[in-house]
Amino acid sequence: MYAGTALKDNWSLADVGISFCSTLKCSVKEEDKSILYVFNGVTQETMLIMEGTSLLGKKVSDLRTLVTLRCGFPVSVYCLRTPKGLEMYDCNTLKDYQTDIGTAHHI
């Protein structure tokens, strides 16, 4: 930010009148990135799960709820599997299955 205006990546400092000894306020912006991917074997589509990284510490049942809201399948008709094919149980956390950012699970 400079003089209340967000600076663009393609601007040079001189373009906006920033001179020697000017003060800039910098901040880090968190971008929306996929935390997890869920591959739907029925539709052959990959769903992007964009929830915050706090999802990784939650239970498998929380992820199944998100998947159900996205694909419309009742939770009683599918199970989630790890990339290695291990069935994921609702009572366990995603960390119990070594789930990390970018992991792709399967329905």
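The values are calculated or read from the model by the stated rules, or taken from the named source; none is laboratory data. What you see is a predicted model; the values in this text were computed from it and never measured. With ideal geometry, Cβ positions are generated from the backbone for all residues, glycine too; neighbour counts draw on all protein chains shown. For the accessible areas, the whole protein counts, side chains as well, though only heavy atoms, and no ligand, DNA or RNA atoms are used. Shrake-Rupley method; radii C 1.70, N 1.55, O 1.52, S 1.80 Å.
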task: Between beta-carbons, use under 14 Å as the cut-off and find the net charge around Lys95, counting Lys and Arg +1, Asp and Glu -1.
output: -1
message: Taking every DSSP beta bridge with both residues inside the chain, roughly what % is antiparallel (nearest 5)?
response: 75 percent
message: Running a GNM on the chain with Cα contacts under 10 Å, which residue among Leu69, Leu48, Leu36 ends up with the highest mean-square fluctuation?
response: Leu69
message: How much length would be gained if the chain were fully extended between Met50 and Ala6, taking 0.36 nm per residue of separation minus their Cα-Cα distance, in nm to one decimal?
response: 13.3 nm
- prompt: Any idea what the relative contact order of segment 29-107 is, in percent, if you count C-alpha pairs under 8 Å spaced at least 6 apart?
  reply: 40 percent
field: Rounded accessible area of Glu87 (nearest 10 Å², 1.4 Å probe)
entry: 60 Å²
Value of Rg to Rh for the chain (Rh from inverse mean 1/r over Cα pairs, i.e. Kirkwood): 1.26
- line: Mean-square fluctuation maximum in Gaussian network of the chain, Cα pairs under 10 Å, restricted to Lys59, Lys95, Lys25, hits Lys25
message: Between 0 and 90 degrees, rounded to the nearest ten: what's the tilt of helix 60-71 against the longest Cα principal axis of the chain?
response: 80 degrees
